[in-house]
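What follows is a set of notes on a single structure, which appears directly below.
Where a number appears in this text, it was derived from the coordinates with a stated rule and is not lab data. Treat the numbers as computed from the prediction; the structure is a model and nothing was measured. Please note: Cβ atoms are built from the backbone with ideal geometry, for glycine as well, and neighbour counts cover all protein chains shown.
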Amino acid sequence: MSHALPTIAVLGAGPIGLESALYGRFLGYEVQVYEREEVGHHISQWGHVHWFTPFGMNHSPLSAAAIEAQDPDRKLPGDEEQLTGGEYVDQFLRPLARTDLLAPSIHPQMEVVSIGRVDSSKADFGGQGQRDESPFRLLLRDKQGQESVAEADVVIDATGVYGQHRNLGRSGLPAVGEQAVADAINYRIPQISNGGLSKYAGRHTLVVGGGYSAATSICALAELAEREPDTRITWVVRHPRGETGPMRCVPEDPLKHRAALSATANKWVGCGEMIKYFPGKSVEAVYHKDKQTPFEVVLEGRDGEKDVARIGCDFILGHTGFRPDCSIFEELQVQLCHVTEGPIRLASHLLNTRGSDCLSQTMPATDRLQTSEPDFYIAGIKSYGRDPTFLLSIGLEQIRQIFALISGNPALNIYQSIKSNFS
Ligand SMILES: Cc1cc2nc3c(=O)[nH]c(=O)nc-3n(C[C@H](O)[C@H](O)[C@H](O)COP(=O)(O)OP(=O)(O)OC[C@H]3O[C@@H](n4cnc5c(N)ncnc54)[C@H](O)[C@@H]3O)c2cc1C
């Protein structure tokens, strides 16, 4: 690497990609951000859903200062506000992307297809520390299919996980027939009703999964069913029934929105016939039936008992989680955890310190953010791989740690400096 500041490529313009770019630009680095779609694309896909963490946990003092410096009249949401995904993108991410410091660096509609080294292939210099003498080479593709290459000394991969859904079937495998009908299954959280006519009204929807996304869809469907009594709902959850219902409730949960969501989903399941609830079951097979009832779903029990129920339904909502796309760096030497598919050093910290709730996480030592490929970092929700406990507030701290590594200055902390200047 030359003595000039290294150039940085940031992959993805979600909150962590943008914040990484801002932190780098603030320090005087040349930064380019490549985004496959538009700023905040993944969050826009669940734009109608509320964050369960308040806005104060979802942005840094640096980004607030950058927006304020650009437009002193712009009022950011209050720290306690519980925004929807869409409000967060409109009121925070887009204004941030438009700041003078960031705007020229952002390349929307530019997918990163693959990353390698200009002069080293994957098999070269294994573990000998010489790979960083050759810059990274990125293959890019725009929406017209036009391909080009770019180079950078440092790469921060913040491409998230929301682009790759997991499967409906037992043990995470695709259910029999699932792949053939996958285009007709919705693996995201749809807007069930916007007050007006809903395509789910009077129809039968099967929800698969036991997390907060499933609870969000169940609550929205149940509210619709109250107004439109012919609406039918089936909920399939892999784990057996908990004492309070399908959703685990965190004792004295400080995240009020999350607590209310869990309690409401459990309440709907507990009250009568509105939701047909199948705890401890997995999807064994999915078949396309006919126009009248598009799907037939076959369930199996936890003990492997086959064909425990057959359900005809109009819609399937697959809320079984997401996984990282590791193919974009398969020409690099990035060692991944065989459990989570996260980078190994961070993953082993997460597995060894796993607590009962995402809020009780501790930050790892800074060197855990280093991957086995020199100068290649994975940040944000992708750094957790399949581990679902990521919080945006943790991702912001990761950026501070990554720039301490890039700059070689362990004490570097712009967040602290900004806070001191403003207080
Ligand atoms: C319903 C829901 C509610 C949530 N609520 C919370 C919450 O309350 N609190 C919390 O902390 N977290 C919450 N999360 C998780 C939240 O989404 C993440 O914290 C946050 O989005 C992580 O930001 P990120 O920048 O790491 O990734 P993302 O927001 O996923 O951004 C990744 C970006 O990379 C782009 N991209 C992908 N592939 C490529 C490629 N090959 N080339 C170029 N660009 C690419 C994508 O288009 C996207 O813009 C929630 C998630 C969901 C689904």
> How large is the dipole of region 170-318 about the Cα centre if only Lys and Arg carry +1 and Asp and Glu carry -1, each at its Cβ, rounded to the nearest 20 debye?
Replying inline: 180 debye
> Taking only C-alpha pairs under 8 Å that are 6+ residues apart, what is the relative contact order of the chain in percent?
Replying inline: 17 percent
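Please compute one quarter of the surface area of the Cα convex hull for region 26-163 and express it in square nanometres.
Reported value for the Cα convex hull: 10.5 nm².
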>> What number do you get for the chain when its Cα radius of gyration is normalised by 2.2 N^0.38 Å, N = residues?
In response: 1.04
>> Compute the orientation-averaged projected area for region 170-318 from the convex hull of its Cα atoms and round it to one decimal in nm².
In response: 9.2 nm²
> Among L5, L206, L173, which comes first, second and so on when ranked by fewest other beta-carbon atoms within 10 Å?
Replying inline: L173, L5, L206
>> Positive end of the dipole of region 264-361, charges at C-beta (+1 Lys, Arg; -1 Asp, Glu), about the Cα centre: which of G301, F278, C326 has its Cα farthest in that direction?
In response: F278
> In this model, which of K143/K289; K276/K306; K256/K306 are farther than 29 Å apart at the alpha-carbon?
Replying inline: K143/K289; K256/K306
>> If each DSSP helix of 4+ residues adds -39,500 (n - 2.57) and the sum is divided by the residues in the chain, what number results at 222 nm, nearest 500 deg cm²/dmol?
In response: -7000 deg cm²/dmol
> Listed highest first by mean packing, meaning other Cβ atoms within 10 Å per residue, what order do 296-306, 394-404, 160-170 come in?
Replying inline: 394-404, 160-170, 296-306
